[in-house]
Each structure stands twice: as C-alpha cells, then as structure tokens.
Amino acid sequence: QFSRLGQLLDPAADRLYILATLLALVARDGLPLWWALALIGRDVVLAGFLPVLRSRGYGPLPVHFLGKAATFNLLYAFPMLLAALPARDDLLSTVFRPLGWAFATWGSVLYLWAGALYVVQVRELGREPRPA
C-alpha cells in the first residue's frame, strides 16, 4: 500500500534519523565532523532545489534505486557504529566496528553519488521548457 502522506513522511523520517545519528556520532567522536558535514551538506543542497523545482511546476524528484541503496547502508551502519562507540575490545565492538565502517563508507559513497545524480536531474529539468 502507498499513500501520498507516506511518500512524504518516509524520506523525511530517514533524513531526520540520519541527521540525529550523525550528530550523536560526531558528539561522541565516533565519526569525523567532515564526514557528517558532507552527508548533511548533500541534503541541504538537494533541499535547496525544491523551491526551484516547484517554481517550474515540478514536485520532488522521484527516489531512485541508488538513493535507496545508500540510505539502506547508512541505516545499517549507524546503529553498529553507535554500539561500537565505547572504546573497548569486547566481541560486540570487535564485530560491529568494522561492519559499521564498511556500511558507512559504502553508504556514504552511494549517498553522495545519488546526490550528484539528483543535481544532474535538476539541471536537465532546468533546461526543459516549463510544463503547461
């Protein structure tokens, strides 16, 4: 089942979760500040395109597979990184730390790549005549 409200709230909830977790990780020195700023900056840039799209008669861009894969990886990475935050050498940290960083790295690359693709889409839409 799909609803218009769900289509709007689901990405917003994902962005809110990502933002809150990035802030927690940076505050606990679990993630470099520049890494968090890169991911947050991507969302700020894309949010800045919404008024441009609306002024041209378009709604939000449709989500594509790359963006979903990126978000999936980040949603897996962050709980693992949070669980491995305390500096200890127990089994949980030993397993979650490398897995969390693997998911975070791959997810971040995909997240930024998907953001670049969205920028290209907006640029292409900007070149088209306005819809009637």
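Structure summary
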{"quantity": "Filter result for ALA20 (among the hydrophobic types (A, V, I, L, M, F, W, C), modelled with pLDDT under 95, more than 16 Å from PHE103 (Cβ to Cβ) and surrounded by fewer than 17 Cβ atoms within 10 Å (Cβ to Cβ))", "calculated": "no"}
{"quantity": "Checklist (1) under 18 Å from LEU31 (Cβ atoms); (2) in contact (Cβ under 8 Å) with a residue 12 or more places away in the chain applied to LEU125, failing item", "calculated": "(1)"}
{"quantity": "Complete set of residues in the stretch 84-111 that are among the aliphatic types (A, V, I, L, M), at pLDDT below 95 and in a helix (DSSP H, G or I)", "calculated": "LEU91, LEU92, VAL95"}
{"quantity": "Answer residue from the stretch 53-83, given it is of a type in the set (Gly, Ala, Ser) and either part of a helix (DSSP H, G or I) or without any contact (Cβ under 8 Å) to a residue 24 or more places away in the chain (or both) and is farthest from TYR111 (Cα to Cα) among those", "calculated": "SER55"}
{"quantity": "Subset of the stretch 23-39 (residues that are free of Cβ contacts under 8 Å to residues at least 24 places away in the same chain, part of a helix (DSSP H, G or I) and under 19 Å from PHE103 (Cβ atoms))", "calculated": "LEU23, VAL26, TRP34, ALA36"}
{"quantity": "Of the criteria (1) in a helix (DSSP H, G or I); (2) crowded, with 16+ Cβ neighbours inside 10 Å; (3) of a type outside the set (A, V, I, L, M), which one GLY6 fails", "calculated": "(2)"}
{"quantity": "Yes/no for ARG42 being part of a helix (DSSP H, G or I), at pLDDT 95 or above and among the charged types (D, E, K, R)", "calculated": "yes"}
{"quantity": "Cross-chain or 6+ apart pairs with Cβ under 6 Å, the stretch 91-105 first and surrounded by 13 or more Cβ atoms within 10 Å (Cβ to Cβ), then of a type in the set (Phe, Trp, Tyr)", "calculated": "PHE103/TYR76"}
{"quantity": "Selected residue (only one of LEU46, LEU81, LEU50 is over 15 Å from the mean Cα position of the chain (by Cα), surrounded by 13 or more Cβ atoms within 10 Å (Cβ to Cβ) and within 27 Å of PRO129 (Cα to Cα))", "calculated": "LEU50"}
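The values are calculated or read from the model by the stated rules, or taken from the named source; none is laboratory data. No experiment lies behind these values; they were computed from the predicted model shown. For neighbour counting, all protein chains shown are included, and Cβ atoms are generated from backbone atoms with ideal geometry for every residue, glycine included.
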